[in-house]
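Working notes, beginning with the structure itself.
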Amino acid sequence: MNEKLNKDNLKDKTPILKLKGIKKHFGGVKALDGVDLEIFDSEIIALLGDNGAGKSTLIKIITGFYTPDEGEIFIDGEKVGNLDPKLAREYGIETIYQDLALFNVLDISANLFAGREIRKGHFLLSQKKMDALAQEALDKTGITLGSTLRQQVGELSGGQKHAIAICRAVYVSGSPKVILMDEPTAGLGVKESNKLLEIIKGLKKAGKSVILITHTLDHAFEVADRFIVLRSGLKVGERDVSKTSSTELIEMMVGSF
């Protein structure tokens, strides 16, 4: 049984990613003001907060697109310097942004291997090998597309596109430890959202950790082990899923807690 994790049974473990006292200013605006965050192996964290709370800034620091003004970053218990996107990926941090960064005019296989094409010689693509690995990756993710690998991604549904992006990040880019997802169910219907949530649960079963940004609390309660709430650049709350409610989380987000 894949039980929900909580702080009590994690206290003796080393987090795979830890941020301590992270601060980031943009001019006179404090985007983050001393934020702490820990995520452990095979754990799903939902990062919550209203627009402008600091969620995107925190994600961009984790992925190396922003450098913190103050604070420390630890990976597997070891302090590391400031990250850049390449170094973050080398440490096993992958991000799936809301726009998914897919090429609609390319087929499924080409999207999975975009920028990582397998070649025979210097010029020719090894299409047969890429197709075989693409199907293997899709199978590992538990994705059933009902489409051929030659179908253009632009013809797929929103949920199928998200599944392709997840598959690329997890099984083609390498073997990430932490996967960051920005509003993965935004714009999806109920059936597609539920399928995507099952894929996220499958990532945890496969030993991956997920930081999930979402405004949909029902989805967060469905998959998350813990919630971290930001407001105006501050971390205002952290709760285990079994020890909180939607009402309490909303009160923390809007400032009435």
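Since every read-out is calculated from the coordinates, none of them should be taken as a lab result. All values derive from a computational prediction rather than experimental measurement. Note that each Cβ is placed from the backbone with ideal geometry, even for glycine, and that neighbours are counted across all protein chains shown.
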Whole-Hz couplings from phi, Karplus 6.51/-1.76/1.60, listed for the stretch 228-242; x for Gly and Pro:
10, 10, 10, 8, 6, x, 10, 7, 9, x, 9, 9, 6, 4, 7
Cα-centred dipole magnitude for the chain, charges only on beta-carbon of K, R (+1) and D, E (-1), debye, nearest 20:
560
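About the Cα centre of the stretch 104-173, what is the dipole size in debye to 20, counting +1 per Lys and Arg Cβ and -1 per Asp and Glu Cβ, all else neutral? Walk me through the numbers before you get to the answer.
Working: 9 positive and 6 negative charges, 46 e Å.
Approximately 220 debye in magnitude.
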With every atom except the alpha carbons ignored, what do you get for Rg and Dmax of the stretch 104-173, in angstroms?
11.5, 36
So how much slack lies between ASP50 and GLU238, counting 0.36 nm per residue of separation and subtracting their Cα-Cα distance, in nm?
66.2 nm
Using a 7 Å offset from the Cα along the Cα-to-Cβ direction at both LYS191 and ASP84, what is the distance between the two label points in nm, to one decimal?
4.6
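How big is the convex hull of the Cα atoms of the stretch 109-257, per residue, in Å³? The partial results should precede the final answer.
Details: hull volume 20.2 nm³, N = 149.
Once divided by residue count, the hull of the stretch 109-257 is 136 Å³.
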Sum of side-chain charges, SER173 neighbourhood, beta-carbon under 14 Å (Lys, Arg +1; Asp, Glu -1)
+4
In the stretch 104-173, if the dipole is taken from +1 on Lys/Arg beta carbons and -1 on Asp/Glu beta carbons about the Cα centre, which of LEU124, ASN104, GLN160 is farthest to the positive end?
LEU124
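Multiply the residue gap between GLN127 and LEU106 by 0.36 nm, knock off their C-alpha separation, and tell me the result in nm, one decimal place. Mind dumping the intermediate values first?
Working: separation 21, 0.36 × 21 = 7.56 nm, distance 1.34 nm.
This chain segment gains 6.2 nm when fully extended.
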When only alpha-carbon atoms are used, what values of Rg and Dmax, in angstrom, describe the chain?
18.7, 63
What spacing in nm lies between the two simple spin-label points modelled at ASP218 and ARG150, each 7 Å away from Cα in the Cβ direction?
4.0
Measuring from centroid to centroid over Cα atoms, what is the spacing of the stretch 10-61 and the stretch 121-187 in Å?
28
